[in-house]
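Scroll down for the structure; my scribbles are underneath it.
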Amino acid sequence: MNAGRLYWRTPTGAMLWEIWSRNKVSYLWHGAALGAGLCFVQWKRQGVSEILAAVLALASLASFIGGYLQLLSCFAYVEVDAAKVKAGYPVSLLLKPLRTFHLVMVPMLVGGLVTTTMLAIWVAFVLKPLGLLPVYNLSWISIVALSFFWWMQALAWGLPLVRFRSFVMVAVALLHLTVGVMPQLPFNISPEWQWGILSALLVSAVPFAWVGLKLMREGRWDGPSWIFILWSRWLRTRAHGRRARFRSAFGAQFWLEWQRQGWLLPGLSGAMSLLVYPFVFFVGFKWSGVDAPPPEAILALILFGPLLLSGVMGPSMAKFDQLGSRRELPGYISVRPMTNGGFVMAKLAMALASSALTVLLNVAGACLCLAIAGKGNLLSKAGLVTPFGPVSYLTGCLPVLLLLVIMVWKNLLAGIGTGLTGRPWIANLGTAWRGAAGMGLISLVLAAKFYEDFRETLLHWLTAILIVCLTAKVAVSIAAFVWGLRRNAITARAIGWIAGGWLVCGLFVASYADHVCGAINQPGLRTWVLLGGCLVLPLADLAIAPLALAWSRHR
Amino acid sequence: MKFPSPSSAEAVIAVSSLSRHFGTKAALDGVSVFVPRGCVLGLVGENGAGKTTLIKHLLGSLKAQAGSVLVFGLDPVLDPVGVLGRIGYLSERRDLPGWMRVDEFMRYSQAFYPKWDEPYAAQLLEQFQLDPAQKIKTLSQGQQAKIGLLTALAYRPELLILDEPSSGLDPVVRRDILEAIIRTVSEEGRTVLFSSHLLDEVERVADHVVMLQHGRVVLNGRTEDVRGEHISAVLAFAEPQTKSPVLAGAHAVTGYGSEWRVLVGGSRLELETAAAVMGARVVEQRTPTLDEILVARAGGKAS
Amino acid sequence: MLERLPKLENVGRLKGAILLLDTLPHCISLLIHYYIMQLQISVQDGAPIYQQIVEQVKLLMAGGRLQPGDDVPPIRVLAEQLRINPNTVARAYLELERAGLITMRQGFGTQVAEGKMVLPKREKLRILSESADALLANARHLNVGLGEVITLLRERDDAMQPKASK
């Protein structure tokens, strides 16, 4: 070791070095995200139209969120033990001859300093110039973020103290959200009180973390609390009542997929729309008396939330075990006597059940929010939703909901073809490709909106382009199906389900859009919608999926 | 008696000239193994010799880069359902879903095998003293090995493949597992292939032994024959040797001065002739244990 | 195969005597069995496992622990008990049946053959001569004379007697 680097030889130095060297690549990515944000600001400074400014703001917000979360995960100083499904303070450090206070303060101070500084830089140089967060004080945001970070650390470390940690974390996050928007709440709270509450929140994180770590060091780990004992006793009595056998292997695999991943989207989305949004609406509108936004906005927010969420969760659906980042097939699944196509069908079924449940929960949440916001009377707005009129309103709603289910389902299956290969670089490539394609599509639409001659040529060639794309998609799918049949990766029945499902969904989407677009007078719109609908739904991805899984299962 | 010929219809496992490379490293090099029905095969070798790689090929988790692998006459990669439905497998790392409970895991596994024997599974559960309501991640290593073995045995598979079944387990659990394996062996027509570092287990239980070293098969025969083919002897030289004497066919030479212990393959006559050539006489000789043979052979460099 | 102790160059005479004493109970315990059909299989031993079973069963019979007509555990049970391959047990039983010591009948299991099993003296001495060879080899290594060995044997026999009568 270089004699000059004596500072590494202190315990603090060693801990800092470890934080640095473990996450070098993440820091590079974060730097790249910041650079992108700064570029967006520069671009805007050179003078752009309103819409482009909005797009830039959204893009920089996205990169900020991604970068900031990544930084948080680097500095959170949490070690994940996938085998024992535990996460907490790195155990090996607890055994070192350091005081608990030392162990607590180094990650908290360093992490707090770095994340707050970076956040300040982001807000000052990227977000504010682009017009986001105009009303909030920079120092206020920074301290709220610091408090949030310290509390997340403390909760992640405080293993022995906290039961149902995930729920507590969500509650604490909500608390910070409430405190963060305090200056803007209609109640008149004096600045001293605001700062006082925030400081109390900030400072209380440290002793909480300290006590948690101290208990861990004393060996008082997750011993069962009385709640847990009652819970496991109840589980035991349930176990002794023999549950029915699974009807088939498919049923068992569906159950496994549901247990691991199926309930995540409905759970998250349902919690958002049944708990968070009503709470926010209640506090923000009913309680304070502020007028609520129009029902269309509320509906849009709540019903399109799952689309966004499922888009984000899509790539991780290809995994079999949610917690680890391993994309390989776990051993206890890969030795089951089931075809690769069977595994894929189970995933499809799980995704369908997941999206159906999500949409149901969101509809319930939407009704609840509308009721709270006092905009329950939607019958008058029925004409907007469906052309069938208020009498068959309910049956008119159904196509919309089905469409939503199909879209969410499509989003969940977005990464399945590339994700199932089990190679992370391919999965990342697939995500990047989809992101780029999405960006490209958005820019095409924007360009068509603003440049007349481009729009003319585009519309002239659109049918041809769509037909070519569709043919390519069908050709690839047929090739993949044939190859899969030959290699025994998929059965003819599964092919029938996939292809048939695609056709049915495509026709449904097309016919529904047909009705809606019938009002608009544009020649060729119907063909475009039909072709576009079929193109948007996944077929090639699903055809490749069994082959990808075979590639992962038999290395 | 060596293994039956490759054309034998009774071969449950037929691996011929299998080679596998990971990058530049050759994990398997021209391995050929034939296992007839009803045989208990012990696969031995040091860590990294290729045992787990060979076993993964039998399950179809790895594709053969050169050579062929046939289990029940089928290619496990092309027909996973046909092959895996008749194999019971316990992996070295146990590969169990930590989040599932014991009864949930049994229920899940049961759905895949039509021949699952529920009373037998319940009997094994009681015998292994496993709590059905307990989560697998909270089980000890021995209990995890037991539940893995239970779900491999419960549908009475024709072929049982165990990768280091006793690794990391205390002697009590090892006994339970060995007893369960013997019971499987007693049933008609069941074949067992297991790899182990515990060579006294292999000697007790296995009919045939295959030893892998650096991805090649170095020993292949019946358990008692394999031992009988080696001699551990002490050679006394007339004068003290300054360096280790080189004896043709010797796997290990240790000692000092004028007395050296050697482990050779071959007959007693060959040994005495070779010793006489070097000017030494055989002072004592005995049959080495499988342990000694493995260690002696493992000390040799890759050729 | 002869079992030889490693060369005792640097071991003092006292240690050697203790080693010598250690081999004796082992030899004598072969004759005196305190277990019924509880066989001890040693993998380290030079002899193949089935041969060890055959020898031990013969000794049990010769020692009177197994009477004619007694039930012999079935192959599966013995294999599970000893944790060895059932084929090995089957081979041992086959040898015993060939030697006329046990009879295997369908539906009745396996029993010790009728007729008093008398191990001919020749056979008994053959079994003992192996242990005797080991003992004498050790004695020679330690430079202990034959007369001293015989005295030692008498002493140990006296020490053994009360145990045998219990």
*Would you mind getting the Kirkwood hydrodynamic radius of the range A:6-221 from its Cα pairs, rounded to one decimal in Å?*
19.0 Å
*Of B:K25/B:K135; A:K473/B:K25; B:K115/B:K137; B:K51/B:K135; A:K347/B:K56; A:K319/A:K473, which pairs sit farther than 32 Å apart, going by alpha carbon to alpha carbon?*
B:K25/B:K135; A:K473/B:K25
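How big is D for the protein assembly as shown, in µm² s⁻¹ as a whole number, if Stokes-Einstein is applied with the Kirkwood radius of its Cα pairs at 20 °C and 1.002 mPa s?
On the way: Rh = 35.4 Å.
My calculation gives 61 µm²/s for D.
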_Between the range C:122-156 and the range B:256-303, how far is it from one alpha carbon centroid to the other, in angstrom?_
29 Å
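Dividing the alpha-carbon Rg of the range A:295-366 by 2.2 N^0.38 Å yields what?
Numbers: Rg = 15.8 Å, N = 72, 2.2 N^0.38 = 11.2 Å.
Computed over Cα atoms of the range A:295-366, the ratio equals 1.42.
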*In peptide C:72-79, what is the residue-averaged number of other protein chain Cβ atoms found within 10 Å of each Cβ?*
2
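Counting only other chains, what is the mean number of Cβ atoms within 10 angstrom of the Cβ of each residue in peptide A:336-344?
Partner-chain Cβ atoms within 10 Å, mean over residues of A:336-344: 4.
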_I'd like the distance separating the alpha-carbon centroids of the range A:437-476 and the range A:255-270, in whole Å._
36 Å
*With only Lys, Arg, Asp and Glu charged, each at its Cβ (+1 for the first two, -1 for the last two), find how big the charge dipole of the range C:40-117 is about the Cα centre; round to the nearest 20 debye.*
40 debye
*Between the helical axis of A:393-412 and the dominant principal axis of chain A, each derived from Cα atoms, what acute angle in degrees is found, rounded to the nearest 10?*
60 degrees
*Can you tell which of B:G279, B:L290, B:S244 lies farthest toward the positive end of the dipole of chain B, using +1 and -1 charges on the Cβ of basic and acidic side chains (Lys, Arg; Asp, Glu)?*
B:S244
*Dimensions of the range B:230-298 along principal axes (Cα, Å, largest first)?*
32, 23, 18
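Using unit Cβ charges (K, R positive; D, E negative) and no other charged atoms, how large, in debye to the nearest 20, is the dipole of the protein assembly as shown about its Cα centre?
Numbers: 97 positive and 70 negative charges, 257 e Å.
Here the protein assembly as shown has a charge dipole of around 1240 debye.
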*List the equivalent ellipsoid semi-axes of the range B:11-225 in whole Å, largest first, each obtained as the square root of 5λ for an eigenvalue λ of the Cα gyration tensor.*
28, 19, 17
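Cα gyration tensor of the range C:40-117, axes a ≥ b ≥ c as square roots of the eigenvalues: rounded (a/c below 1.5), prolate (a/b > b/c) or oblate?
The shape class here is oblate.
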*Residue order, fewest to most surrounding Cβ atoms within 10 angstrom, among C:I127, B:I293, A:I121*: A:I121, C:I127, B:I293
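Please list the equivalent ellipsoid semi-axes of chain A, computed as the square roots of five times the alpha-carbon gyration tensor eigenvalues, in descending order and whole angstrom.
Details: eigenvalues 345, 211, 145 Å².
Value: 42, 32, 27 Å, ordered largest first.
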_Based on C-alpha coordinates, I'd like the Rg and Dmax of the range A:249-553, in Å._
21.1, 66
*Calculated from DSSP H runs of 4 or more alone, at -39500 (n - 2.57) each and per residue, what is the 222 nm mean residue ellipticity of chain A, nearest 500?*
-23500 deg cm²/dmol
*So which aspartates and glutamates can A:K214 reach, going by Cα to Cα under 16 Å and dropping same-chain residues fewer than 8 places off?*
A:D222
*Positive-end extreme of charge dipole, the range A:249-553 - chosen from A:A373, A:P266, A:G419 (charges on Cβ)*: A:G419
*Give me a single rounded figure for B:92-103: the average over its residues of other chain Cβ atoms within 10 Å of their Cβ.*
4
*Counting Lys and Arg as +1 and Asp and Glu as -1, each charge on the Cβ, what is the dipole of chain A about the Cα centre in debye, to the nearest 20?*
2140 debye
*Selection from A:M182, A:L61, A:H102, by position along the positive dipole direction of the range A:6-221 (Cβ)*: A:H102
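Every number in this text was worked out from the coordinates using simple rules, so none of it is lab data. Since we're looking at a predicted model, the values are computed, not measured. Virtual Cβ from ideal backbone geometry, glycine too; neighbours counted across all protein chains shown.
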